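The values are calculated or read from the model by the stated rules, or taken from the named source; none is laboratory data. What you are looking at is a predicted structure, and each value in this text was computed from that prediction instead of being measured. Here the Cβ positions follow ideal geometry from the backbone for every residue, glycine too, while neighbour counts run over all protein chains shown.
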Ligand SMILES: [Zn+2]
């Protein structure tokens, strides 16, 4: 599908070979004032009063309003009132209590344990029992497990056994549903995510090294609310092109994150994706200046509900605000807060000629340490576009902080090594594409 698109892109230009020779002008982005502003943007979006930009306490709405305000201040044009494109989201949320006690000792949410995205609510205390792992090899043990009542009990199992149990007949996984609560022991790190449905019992993920093997009783208090038809939104603005305003280049970044997990814990999402949102806002500020008005129109798409399954970008491609074939290229920015080891370009192996151009620009100007190409991946908002034949790259940074979908993804942990380099790379890339 993407290969079909490339020739038409080629025919609208003088050819990629020639483009490679035309990349000499360097953009004047990134004085220290811009970096200060970018860091302030990331800090603001990752702050506690944005509630992790999720669906508890209107976190995503606060972030959307912040971006909308910044678009207006920069002077971007809007397709819709307040730049907003609304769409419905059904999502499981954790707005209230979130506690786990083992033999009376409280564990720390976010640090020792997290909730499974599908967790239901519950308020219970019960004896702890471990899953008998003989069920995977021994039929008698399997029958014993299925005939044993799990009611009122908190069942503990290792993550790999939780996965393995799906290889057994359905009756086994269904039997787990009888337990009062499930505690899954996770080996390395806790990685949170979101779900559009809820199971009837509380489900928690506990770091294996925090599991006291002698634990006898667990107390679980979880408030979980499945919210249907939450009104989420994309924030979309643009700068009209000087020469060909009906040809579009797009910068996209999702601004939503995982929100709150209980009253006292939230996921800051500084790298994911306050960083890409800040980069999008810096590019918006740049192009909105009269002296930088682009030849083609440039659209800035701040997507909502990416973490819920690319919902904002999927909605856009079904309800596009400009005809998709008019989009010459889309660059999606997600996880752009590091960069000591350079950047990776998803679709770089699919769109070889645009990738060669990007790499050539970088070799000439040394904007980032290195650029690696990879193939297709349905891992961010570029994907629904590539899937529709819109040429799209997804850029993310490599090296540095390993925090991801956890409470440690904080603004102060980000070195922003490749941040201004990516801004300049995108500006020069767009500049060359619109010649
Ligand atoms: Zn994410």
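Restricting the search to region 249-266, which residues are out of contact with any strand residue (DSSP E or B) (no Cβ under 6 Å at 6 or more places or on another chain) and within 16 Å of the ligand (Cβ to nearest atom)?
Passing the criteria: 256, 257, 258, 259.
Do the conditions hold for residue 286, that is, is it more than 15 Å from the ligand (Cβ to nearest atom), closer than 30 Å to residue 419 by Cα and in contact with a helix residue (DSSP H, G or I) (Cβ under 6 Å, 6 or more places away or on another chain)?
Values: more than 15 Å from the ligand (Cβ to nearest atom): yes; closer than 30 Å to residue 419 by Cα: yes; in contact with a helix residue (DSSP H, G or I) (Cβ under 6 Å, 6 or more places away or on another chain): yes.
It is true that residue 286 is more than 15 Å from the ligand (Cβ to nearest atom), closer than 30 Å to residue 419 by Cα and in contact with a helix residue (DSSP H, G or I) (Cβ under 6 Å, 6 or more places away or on another chain).
Among the residues of region 396-427, what is the count of those that are part of a helix (DSSP H, G or I) and under 22 Å from residue 298 (Cβ atoms)? Walk me through it before giving the result.
Let us first name the residues in region 396-427 that are part of a helix (DSSP H, G or I), namely 411-413, 419-427.
Still in the list and also under 22 Å from residue 298 (Cβ atoms): 419-427.
Final tally of qualifying residues: 9.
Do any residues in region 293-304 that are in the same structural domain as residue 67 (by TED's automatic domain parsing) have Cβ atoms under 8 Å from those of residues that are assigned to a loop (DSSP other than H, G, I, E, B) and modelled with pLDDT under 95, where the two are at least six apart or on different chains, and which pairs are they?
Pairs that qualify, where the first residue is in the same structural domain as residue 67 (by TED's automatic domain parsing) and the partner is assigned to a loop (DSSP other than H, G, I, E, B) and modelled with pLDDT under 95, are 294/434; 295/434; 295/435; 296/434.
Looking for something within 13 Å of the ligand (Cβ to nearest atom) and in contact (Cβ under 8 Å) with a residue 40 or more places away in the chain - is there at least one such residue anywhere in region 232-241?
no
Does residue 368 fit the bill of being in contact with a strand residue (DSSP E or B) (Cβ under 9 Å, 6 or more places away or on another chain) and either assigned to a helix (DSSP H, G or I) or more than 16 Å from the ligand (Cβ to nearest atom) (or both)?
Answer is yes for this residue.
Filter region 184-218 down to the residues that are more than 22 Å from residue 259 (Cα to Cα) and in a strand (DSSP E or B) and list them by number.
185, 217, 218, listed by residue number.
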